[in-house]
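Everything below concerns the one structure shown next.
Any read-out appearing in this document is the output of simple, stated calculations on the displayed coordinates, not a laboratory observation. Please read these numbers as outputs of a predicted model, since none were measured by experiment. Note: ideal-geometry Cβ built from the backbone for every residue, glycine included; neighbour counts use all protein chains shown.
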Amino acid sequence: MMATTHALVGLAVAAVVSLVAPEFGLVAAAAGLAGGVFPDLDLYAGHRRTLHFPVYFSTLAAPAAAAAAAAPTAWTVGVAVFLVAAALHAASDALGGGLELEPWRATSERAVYSHFHRRWIRPRRLVRYDGAPEDLAVAAVVGVPASLAFGPGVQRLVAAALAVSAGYVAVRKRLPAVAAWLSARVPDGLRHRVPERFTT
């Protein structure tokens, strides 16, 4: 799924927290957005393996949530929401497509790596690929209601995220050709820095 979809799922977690503890609403919103995006910081370095921990994030999120419930502070709530959002991101990547450059072709059986199991989890393709129309639908269905728990600033951020998402969906199937064109023009001395999936 798109990074924006994951971010909005994290915001939805924060929205639930804000209903229970509105005094931590902004902290939860920031933590949810950050946790939702965090795993994708490995996009160019072992994507869906380096920072994706579907089991370990979930294992850490449970005691963090318990600590936040027992002793709610900005720090405990923020850490708990961050970890829950990151766990949801890593786990939900298995619901999408594989890691291939053209995931709509469904040729890869690698969705997300489980370090605990020491193997790749296969894609379920409920969302066929990142940037599919249903990916945008998930982002809207999750993001719009979540934004209502917050003020105008967060609502504008959600609107911007959905606009960026819609633009990405519109050009998604053209991006592999752009990546191939750019990859062919990388100087030989830098080619080893280009992720393999962009060159094959």
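For this structure, a couple of remarks:
- Of all residues in the range 160-181, none that is part of a helix (DSSP H, G or I) has its Cβ atom under 6 Å from the Cβ atom of a residue that is surrounded by fewer than 13 Cβ atoms within 10 Å (Cβ to Cβ), 6 or more apart or on another chain.
- Once the range 105-133 is narrowed to residues that are hydroxyl-bearing (Ser, Thr, Tyr) and surrounded by 14 or more Cβ atoms within 10 Å (Cβ to Cβ), the residue that is nearest to the chain's Cα centre (by Cα) is 129.
- Among the candidates 86, 139, 146, residue that is part of a helix (DSSP H, G or I), among the aliphatic types (A, V, I, L, M) and more than 17 Å from residue 1 (Cα to Cα): 146
- The residues on offer are 136, 101, and the sole one that is in contact with a Pro (Cβ under 7 Å, 6 or more places away or on another chain) and of a type in the set (A, V, I, L, M) is 101.
- Pick from the range 1-11, criterion surrounded by 22 or more Cβ atoms within 10 Å (Cβ to Cβ) and of a type in the set (A, V, I, L, M), ranking: farthest from residue 132 (Cα to Cα): 11
- Whichever residue in the range 18-42 is free of Cβ contacts under 8 Å to residues at least 24 places away in the same chain and under 19 Å from residue 1 (Cβ atoms) and, among such residues, is surrounded by the fewest Cβ atoms within 10 Å (Cβ to Cβ): 41
- Among the numbered conditions (1) in a loop (DSSP other than H, G, I, E, B); (2) surrounded by fewer than 20 Cβ atoms within 10 Å (Cβ to Cβ), the only one that residue 48 does not meet is (2).
- Every residue from the range 143-161 that is of a type in the set (Val, Ile, Thr) and crowded, with 22+ Cβ neighbours inside 10 Å: 154, 158
- The number of residues in the range 94-148 that are closer than 24 Å to residue 163 by Cα and among the basic types (Lys, Arg) comes to 2.
- Yes/no for residue 55 being surrounded by fewer than 16 Cβ atoms within 10 Å (Cβ to Cβ), among the aliphatic types (A, V, I, L, M) and not in a loop (DSSP other than H, G, I, E, B): yes
- Test: residue in the range 85-94 that is more than 26 Å from residue 148 (Cβ to Cβ), in contact with a strand residue (DSSP E or B) (Cβ under 9 Å, 6 or more places away or on another chain), acidic (Asp, Glu) and surrounded by fewer than 23 Cβ atoms within 10 Å (Cβ to Cβ): no
- Selected residue (only one of 136, 60 is under 29 Å from residue 179 (Cα atoms) and either touching a residue at least 12 places away in the same chain (Cβ under 8 Å) or buried (at least 23 other Cβ atoms within 10 Å of the Cβ) (or both)): 136
- Looking across the range 127-143, just one residue is out of contact with any helix residue (DSSP H, G or I) (no Cβ under 7 Å at 6 or more places or on another chain) and more than 25 Å from residue 102 (Cα to Cα), and that is 141.
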